[in-house]
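J.: Encoded as structure tokens, here's the structure I'll be asking about.
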Amino acid sequence: QVQLVESGGGSVQPGGSLRLSCAASGINFSIGSMGWYRQAPGPQRELVATITGSDITNYADSVKGRFTISRDNAKNTLYLQMNSLKPEDTAVYYCQRRLYTTITWGQGTQVTVSS
């Protein structure tokens, strides 16, 4: 059974940092693309960053230079280092795994940026 479990969310002041983790089980973690998405109140879930099995990364313009996505295949874990956080980064952050047409989501972790 494929399972993705996010952790590391919380509340932080503007300018602060957080590191999100996504622990994967039940999959061959080294293949397929992994990504982070976020959803503020409302129906739209937006891409934050993705990383392929070859470690090719892609970022939303709004987070470029502030966020870094990485993966540790030995630990079956995906990370998102978030620096210089802004109030507009407040959202529920979801981990996603994509292999061909199969997409798996984690349950999400809340990130709140507020003074």
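The values are calculated or read from the model by the stated rules, or taken from the named source; none is laboratory data. Source: prediction; values computed, not measured. When we count neighbours, we look across all protein chains shown, and the Cβ atoms used for this are built from the backbone with ideal geometry, even at glycine. Ligands, DNA and RNA are excluded from the accessible area calculation, which covers all protein heavy atoms including side chains. Shrake-Rupley method; radii C 1.70, N 1.55, O 1.52, S 1.80 Å.
J.: May I ask you to compute the full-extension gain from residue 70 to residue 103, defined as 0.36 nm times their residue separation minus their alpha-carbon distance, rounded to one decimal in nm?
T.: 10.0 nm
J.: Further question: Can you give the charge dipole size of the stretch 13-112 about its Cα centre, rounded to the nearest 20 debye, using +1 on the beta carbon of Lys and Arg and -1 on the beta carbon of Asp and Glu?
T.: Charge dipole, the stretch 13-112, about its Cα centre: 100 debye, nearest 20.
J.: Same structure, new question: For residue 112 and residue 52, compute 0.36 nm times the residue count separating them, minus their Cα-Cα distance, and round to one decimal in nm.
T.: 18.9 nm
J.: Using a 1.4 Å probe over the heavy atoms of the protein chains, calculate the carbon and sulfur portion of the accessible area of the stretch 40-100 as a whole percent.
T.: 49
J.: In the chain, if every C-alpha pair distance is counted and binned at 10 Å from zero, what percent goes to each bin?
T.: 15, 51, 29, 5, 0
J.: Whole-Hz ³J(HN,Hα) for each residue in the stretch 63-70, computed from phi via Karplus 6.51 cos²θ - 1.76 cosθ + 1.60 with θ = phi - 60°, x for glycine and proline: what do you get?
T.: Values, residue by residue: 10, 4, x, 10, 10, 9, 9, 8 Hz.
J.: Right, next: Roughly speaking, what is the stretch gain from residue 45 to residue 2, that is 0.36 nm per residue apart minus the C-alpha to C-alpha distance, in nm to one decimal?
T.: 13.3 nm is the gain from fully extending residue 45 to residue 2.
J.: When all protein chains stay in place, what accessible area (Å², nearest 10, 1.4 Å probe) is found for residue 75?
T.: Rounded to the nearest 10, that gives 140 Å².
J.: For the stretch 16-24, what does the Karplus curve 6.51 cos²θ - 1.76 cosθ + 1.60, with θ = phi - 60°, yield as ³J(HN,Hα) per residue in whole Hz, taken in order and with x for Gly and Pro?
T.: Karplus-based 3J(HN,Hα) across the stretch 16-24 equals x, 10, 9, 10, 8, 10, 9, 8, 10 Hz.
J.: Over the chain, average the accessible area per residue using a 1.4 Å probe and give it in Å², no decimals.
T.: Using a 1.4 Å probe on heavy atoms only, each residue of the chain averages 52 Å².
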